[in-house]
1. Could we say that C:S122 is polar (S, T, N, Q) and in a loop (DSSP other than H, G, I, E, B) here?
2. Taking region A:61-77 only, how many residues are surrounded by 15 or more Cβ atoms within 10 Å (Cβ to Cβ) and farther than 24 Å from B:G18 by Cα?
3. Residues in region C:68-101 that are of a type outside the set (A, V, I, L, M), away from chain D (no Cβ under 12 Å) and closer than 19 Å to C:P8 by Cβ: how many?
4. Quick check, is A:Y107 among the hydroxyl-bearing types (S, T, Y) and either closer than 16 Å to A:R2 by Cβ or under 11 Å from the mean Cα position of the chain (by Cα) (or both)?
5. Only one residue in C:H19, C:H4 is farther than 30 Å from B:H19 by Cβ, surrounded by fewer than 22 Cβ atoms within 10 Å (Cβ to Cβ) and at pLDDT below 95, so which one is that?
6. How many residues are surrounded by fewer than 19 Cβ atoms within 10 Å (Cβ to Cβ), of a type in the set (A, V, I, L, M) and under 13 Å from A:P153 (Cα atoms) if we restrict to region A:78-103?
7. Out of the residues in region A:126-159 meeting the condition of being out of contact with any Lys or Arg (no Cβ under 8 Å at 6 or more places or on another chain) and among the β-branched types (V, I, T), tell me which one is nearest to B:T123 (Cα to Cα).
8. Counting only residues that are part of a strand (DSSP E or B) and in contact with a Ser or Thr (Cβ under 9 Å, 6 or more places away or on another chain), which one in region B:105-119 is surrounded by the fewest Cβ atoms within 10 Å (Cβ to Cβ)?
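The values are calculated or read from the model by the stated rules, or taken from the named source; none is laboratory data. Values in this document were obtained by computation on a predicted structure and should not be read as measured data. Note: ideal-geometry Cβ built from the backbone for every residue, glycine included; neighbour counts use all protein chains shown.
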There are 4 protein chains.
Amino acid sequence: MRLHVPTPLRWSDLDAYGHVNNARMLSLLEEARIQAFWVNDDGSVEHAVGASTAVLDATPGATTVTLIARQEVEYLAPIPYQRLPLDIELWIGHMGGASLDVCYEVYSPLGAEPRTLYTRASTTIVLVDAASERPRRITDDERAAWEPYLEAPVAFRRG
Amino acid sequence: MRLHVPTPLRWSDLDAYGHVNNARMLSLLEEARIQAFWVNDDGSVEHAVGASTAVLDATPGATTVTLIARQEVEYLAPIPYQRLPLDIELWIGHMGGASLDVCYEVYSPLGAEPRTLYTRASTTIVLVDAASERPRRITDDERAAWEPYLEAPVAFRRG
Amino acid sequence: MRLHVPTPLRWSDLDAYGHVNNARMLSLLEEARIQAFWVNDDGSVEHAVGASTAVLDATPGATTVTLIARQEVEYLAPIPYQRLPLDIELWIGHMGGASLDVCYEVYSPLGAEPRTLYTRASTTIVLVDAASERPRRITDDERAAWEPYLEAPVAFRRG
Amino acid sequence: MRLHVPTPLRWSDLDAYGHVNNARMLSLLEEARIQAFWVNDDGSVEHAVGASTAVLDATPGATTVTLIARQEVEYLAPIPYQRLPLDIELWIGHMGGASLDVCYEVYSPLGAEPRTLYTRASTTIVLVDAASERPRRITDDERAAWEPYLEAPVAFRRG
C-alpha cells in the first residue's frame, strides 16, 4: 500500500534554470517523509504510517533519531512552480534489522492531466538510539505497523 | 586524476540535528562541480576541468545547459560546522555519448587529523542544447579535455 | 482588509537552534506574498488581491517583474516546527507611484490557543517593466483592485 | 573600524530571476557575522571581533545563545553569481545593555571595478543566557573588546 502525501512547492524551490532545484528535491522528499511518519504534539497520529508506537519523531528529546545513510534520485522531468501540491507516493521498499528503505514516486498534482512522473527516489534510514548514538533494532510493534506499507522497491531505470 | 575543490560550509547548512543537512549536501556537491567546471567572465579558465572549449557554462544565454538525470549519495559520517572548507575530491567516472558521471568523495578539511571521509556521491549530467532542448553529443574537444580526469567510478558500499 | 494566507512550514526551515531560521522567514513571507497575488496558468485568479488585471506574475515571459527594494522584520517569538500552516496576515501598507509596501503579521496556526504573534514585517516592492528594466507606474486598474487591501502600515515596536 | 569579511556565493543562492535571492541575502549576512565572531574549536580566535572573551559561540552547549530581534535590509542592486567572494563590511552600530546592532554594507568582490554597493543592512542581536533563556547583560570584557568596532549605524536611504 502506498501513501499519497500532498507536498506544496515554494517559489524559492526554483533555481536559476526556473525549475525545482535538484538538491531541493531532497528537502521535498524529507518533508513528505516527515508528514507520513508524523506524530502530533498530543501524541495522536495523523497521516502516519501505522500506529503511534511506530512513528518516527524528530522533536528534541526524542529517544530515537533517524540517520540518512543513502539516497538515490532519478530526475525524469523538470518541475515548474505550480500552486497545487505535488502528489508524492511513498512506501517502504525494504525493512532490515535497524534500517528501512523509503521509496518515492513524485507526480504532478492530483487531477492534473496528463499525470507526469517527475522523480523516483529512495532513502535508506537507520534508527539510532539517541542516548547511545548506536543503531537500534526495529521493534516488533513498529514492524507490524509498517508491514502494510511494504512493497517492492522503486524500479530505477538504471541501478 | 582527481580535482580537490575546497568547499566552505555555512552555518545555515546545519539542520535541527546540528549537522549538515542531507539535502544541503547536494548543494555543496553542485557548488564543487561548478567551481571545477568554472569559466571566468573574460573567457579564461581557472580550476577548470580542461581547456576553455570544454567547460560547462551555467550563465544565461549559454548554448548548452546541463540537466541532472540521476544522483546517488552515501552518508558515512555526520558533518559538523567548521570554519575550514571541506575537501571535495571530484572526478569523472564515466563518459557516455551525451552524458557524464561526476564522482565525489567529501573529506574533512585539508590538514585536519584524522582525515574523515564524510560522503560518497555521483551525479549523472546530460548536456542539452539550449535552443533545441535536446541532448547533444560530447564534442571531441570536450572529450579530450576531460579524459585526464577519467577514473573508475566511485565505489559505493552498496549499489 | 487583510488576507489570511495559510503558509506551511517545512522541517528544513529549522536551523541548528531548532527554530525557524531568521533568513528562512523571508522565504515564508515571499511564499505568502506569491500566494496572495497568484494568477493561475489559465489566467483565472484565486487567492489573489483583486482581479486578474492586478496580479503580479513571476512566470518567465511576464511583462512585469517585481524587485524587492527593502525589507524590515521584527522577530517576537521563536517558531517551532508544527504541522499546521502558519496564519500570515498580509495587507498593503502604502502604495506609491511604482512601488508598494506589503505588510505582514505572522501568527500561530488558526485555532491554536493562545494565538501567538511570531513576526512583524514589511516588504517594499518595485514594479519593473521586463523589457526596459525600468520601474513602471502602478496602473489605475491595479490601484483600484488593490485599494481594498490598503491599511495603516504595520506598527513596529521600534522603527 | 570595520571588518571586511570575504563571503563566497553559491550558485544555489540565485533564484528564478537569476540573481541572489532577497531572503538568501540574510543567510550571507548570517555567515559573515559568524565568521566575524568566530572562535576556533581549540579556543583560539581568528577573524574575531576582539579577544576570546568577547566572541559569540553558536556551538551546542554554549552558555550564551544569540537571538535575532530585528533586521532591516535595503537592496540597492541585483547580485549576479560570481566566483570571487563578496566583500561584506561589518561593524557594530549600537551597543545596548543586552543587545547590539550589527551593521553591514555588501560590496562587489575586492578589486572588481567599479566597486558596487549591493546591499545595506542591520541586525539587532540579543544575548540570551542558555540556561535561564533570559537576556543577559553584555559584560565589561565584551564591551571593551567590541568598542573598536563601534561606528555610526548604517545610513539607510529611508528608515
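1. Spelling it out, it is not the case that C:S122 is polar (S, T, N, Q) and in a loop (DSSP other than H, G, I, E, B).
2. 4
3. The total comes to 7.
4. yes
5. Result of the check over C:H19, C:H4: C:H4.
6. 1
7. So the residue we want is A:V126.
8. Here the answer is B:L117.
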